[in-house]
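Q: Got a structure for you, written out below as structure tokens; questions coming shortly.
The values are calculated or read from the model by the stated rules, or taken from the named source; none is laboratory data. Computed from a predicted structure; not experimentally measured. Every residue, glycine as well, gets a Cβ built from its backbone with ideal geometry; the counts of neighbours run over all protein chains shown.
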Amino acid sequence: MVERETEAKSSGSGVTNPYHRTEHCDKIHAYRCDKEVGVIGIDISKEHLITSRGRVRRYENKKEGYEEILKMKPCTIVLEPTGVYAIKPSQYFKERGVRVLQVSPNVLSREKEFRGKKTDFYDAEKLENMVDKAKEYDYNPLKEMTTLYLFLKDIETKYKNRLKRALFLVSDNDKVSKDRLEKLAKGDFTQEELYQLEYTPLVLEEIKMLAKNLLETQERLKEVRRMIEGQVPQDHVLLTIPGVGRLAAGIIIGIVGDVKRFPKPESFVAYCGLDPVVERSGRAVISRGISKRGNKYLRSLFYFLAVRSYSRNPTLLKFYETHKDRLKGRKLYVALARKLARVVWSVWYNNRPYEPK
């Protein structure tokens, strides 16, 4: 549904503000009210789409609003990828033959020149003029499956921790094996050595529920894992790296998307939160570990892969042998994870199979 009571006023500087329609509207909006336009910039929020052209420039973020925008017959739409709110309209326009481009939020913030008060209408106009700095919208199915997989992994961890807590309250064994989990889910406590305390019956009900939910979550994880592995091409260049399997490759692709947005390995390492924090004061150089400002899932994945498979990767093994006397314990494995992130970037960015160095 279109909100027709609000329109936009355009000034010579390009700053626009909502206003109520006046008798001068036709003259003011002549250049933005064509029935057929070439490029439209759209500022997206959860509720609305704000367009850079059209007599009515505020539309609801749903099908009726999309159809109204398509009536202007745009050939190209430029928008900012504002998370989940931009996916549906982007895909909708693309499937109806409209070219959809996306401008990185970082690029957009550098290009904005605020004159007066910032408005969504101004942002839409700015997006319209950034066609040359935008990239083609491409839906990544691995992104949806990866976010679902990581969501379920978080739930699995919470269920496990809660179940261990409950088991500790009524027994001396909080280990959760597959066989024990199945028995607990059925309410079979015959082989359990339980403390008969006042709260024991209530905790046993909690254990039964948690065990059942944990088993269901693990089954869902297996299904999503198969889906992710099925989306990774057999000849994908990441699979040439020793220790990187189809699931790991799928998660990396799903989270990162387009590796070309990282022109240097340092930027990719920083995105993973594995970049070192160094403080300098005079001649003193103090290392403060890693920043942890990037994607926590990638950071955990690279750390896990480094610990598990460094001995199978010639590059990581050489790094390990070189630095094992200087770095100890977790610091060494964090350094290995950072090295692996650089290897992944190099192989993927250059689209060349892994070669030991």
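Q: Among the numbered conditions (1) part of a helix (DSSP H, G or I); (2) out of contact with any strand residue (DSSP E or B) (no Cβ under 8 Å at 6 or more places or on another chain); (3) under 30 Å from PRO89 (Cβ atoms), tell me where ASP138 comes up short.
A: Only one criterion is unmet by ASP138, namely (1).
Q: Are there any pairs with C-beta distances below 6 angstrom linking a residue in the range 222-238 that is touching a residue at least 40 places away in the same chain (Cβ under 8 Å) to a residue that is in a helix (DSSP H, G or I) and of a type in the set (Asp, Glu), with the two at least 6 apart or on different chains, and if so which?
A: Taking only residues 6 or more apart or on different chains, not a single pair turns up.
Q: To continue, here is another question. If you scan the range 224-261, which residues turn out to be more than 25 Å from GLU136 (Cα to Cα), under 21 Å from the mean Cα position of the chain (by Cα) and surrounded by 14 or more Cβ atoms within 10 Å (Cβ to Cβ)?
A: VAL224, ARG225, MET227, GLU229, VAL244, GLY245, ARG246, LEU247, ALA248
Q: Looking only at residues that are β-branched (Val, Ile, Thr) and loosely packed, with under 15 Cβ neighbours inside 10 Å in the range 281-321, which one is nearest to LEU238 (Cα to Cα)?
A: Of all residues in the range 281-321, those β-branched (Val, Ile, Thr) come to 285-286, 290, 307, 315.
Those still in the list that are loosely packed, with under 15 Cβ neighbours inside 10 Å too: 285-286, 307.
Numbers: VAL285: 36, ILE286: 35, VAL307: 18 Å.
Here the answer is VAL307.
Q: Follow-up question, since we're still on this one. From (1) surrounded by 13 or more Cβ atoms within 10 Å (Cβ to Cβ); (2) touching a strand residue (DSSP E or B) at 6+ places or on another chain (Cβ under 8 Å); (3) on the phi < 0 side of the Ramachandran plot, pick out the condition that doesn't hold for VAL278.
A: Among (1) surrounded by 13 or more Cβ atoms within 10 Å (Cβ to Cβ); (2) touching a strand residue (DSSP E or B) at 6+ places or on another chain (Cβ under 8 Å); (3) on the phi < 0 side of the Ramachandran plot, the lone unmet condition for VAL278 is (1).
Q: Against the condition over 18 Å from THR119 (Cβ atoms), outside any strand (DSSP E or B) and either touching a strand residue (DSSP E or B) at 6+ places or on another chain (Cβ under 9 Å) or at pLDDT 90 or above (or both), how does GLY54 come out, does it pass? Working first, answer last.
A: On the way: over 18 Å from THR119 (Cβ atoms): no; outside any strand (DSSP E or B): yes; either touching a strand residue (DSSP E or B) at 6+ places or on another chain (Cβ under 9 Å) or at pLDDT 90 or above (or both): yes.
Here the answer is no, as GLY54 does not meet what is asked.
Q: Count, please, the residues in the range 159-196 that happen to be free of Cβ contacts under 8 Å to residues at least 12 places away in the same chain and under 34 Å from the mean Cα position of the chain (by Cα).
A: 5
Q: Here is a check on your reading of the model: is PHE302 in the same structural domain as PRO265 (by TED's automatic domain parsing), of a type outside the set (Ser, Thr, Tyr), within 28 Å of LYS153 (Cα to Cα) and out of contact with any strand residue (DSSP E or B) (no Cβ under 9 Å at 6 or more places or on another chain)?
A: Working: in the same structural domain as PRO265 (by TED's automatic domain parsing): yes; of a type outside the set (Ser, Thr, Tyr): yes; within 28 Å of LYS153 (Cα to Cα): yes; out of contact with any strand residue (DSSP E or B) (no Cβ under 9 Å at 6 or more places or on another chain): yes.
Yes; evaluated as a whole, the condition is true for this residue.
Q: I've got another one for you. Any chance the range 322-333 includes a residue that's over 26 Å from PRO105 (Cα atoms), of a type in the set (A, V, I, L, M, F, W, C) and either surrounded by 15 or more Cβ atoms within 10 Å (Cβ to Cβ) or touching a residue at least 40 places away in the same chain (Cβ under 8 Å) (or both)? Can you show your working first?
A: Step one: of the range 322-333, the residues over 26 Å from PRO105 (Cα atoms) are 322-333.
Cutting the leftovers down to of a type in the set (A, V, I, L, M, F, W, C) gives us 327, 332.
Okay, now just the ones that are also either surrounded by 15 or more Cβ atoms within 10 Å (Cβ to Cβ) or touching a residue at least 40 places away in the same chain (Cβ under 8 Å) (or both), so 327, 332.
So far as the range 322-333 goes, yes, one or more of its residues are over 26 Å from PRO105 (Cα atoms), of a type in the set (A, V, I, L, M, F, W, C) and either surrounded by 15 or more Cβ atoms within 10 Å (Cβ to Cβ) or touching a residue at least 40 places away in the same chain (Cβ under 8 Å) (or both).
Q: Mind checking which residues of the range 64-110 are part of a loop (DSSP other than H, G, I, E, B), within 19 Å of the chain's Cα centre (by Cα) and not aliphatic (A, V, I, L, M)? Working first, answer last.
A: The initial filter retains those residues of the range 64-110 that are part of a loop (DSSP other than H, G, I, E, B), namely 71-75, 80-83, 95-98, 103-104.
Cutting the leftovers down to within 19 Å of the chain's Cα centre (by Cα) gives us 80-83, 103-104.
Of everything in the range 64-110, those that are part of a loop (DSSP other than H, G, I, E, B), within 19 Å of the chain's Cα centre (by Cα) and not aliphatic (A, V, I, L, M) turn out to be GLU80, PRO81, THR82, GLY83, SER104.
Q: Picking from TYR149, TYR122, which residue would you name as being within 20 Å of the chain's Cα centre (by Cα), assigned to a helix (DSSP H, G or I), surrounded by 16 or more Cβ atoms within 10 Å (Cβ to Cβ) and among the aromatic types (Phe, Trp, Tyr)? Walk me through how you get there before you give the answer.
A: Details: TYR122 fails: within 20 Å of the chain's Cα centre (by Cα).
Result of the check over TYR149, TYR122: TYR149.
Q: Additional query: Please verify whether the range 82-96 includes one or more residues that are without any contact (Cβ under 8 Å) to a residue 40 or more places away in the chain and of a type in the set (A, V, I, L, M).
A: Filtering the range 82-96 for residues without any contact (Cβ under 8 Å) to a residue 40 or more places away in the chain gives 82-84, 88, 92-93, 95-96.
This time we only want the ones that are of a type in the set (A, V, I, L, M), so: 84.
Scanning the range 82-96 turns up at least one residue that is without any contact (Cβ under 8 Å) to a residue 40 or more places away in the chain and of a type in the set (A, V, I, L, M).
Q: Looking at PHE319 and the list (1) assigned to a strand (DSSP E or B); (2) without any contact (Cβ under 8 Å) to a residue 24 or more places away in the chain, which single condition is not satisfied?
A: Just one mismatch for PHE319, condition (1).
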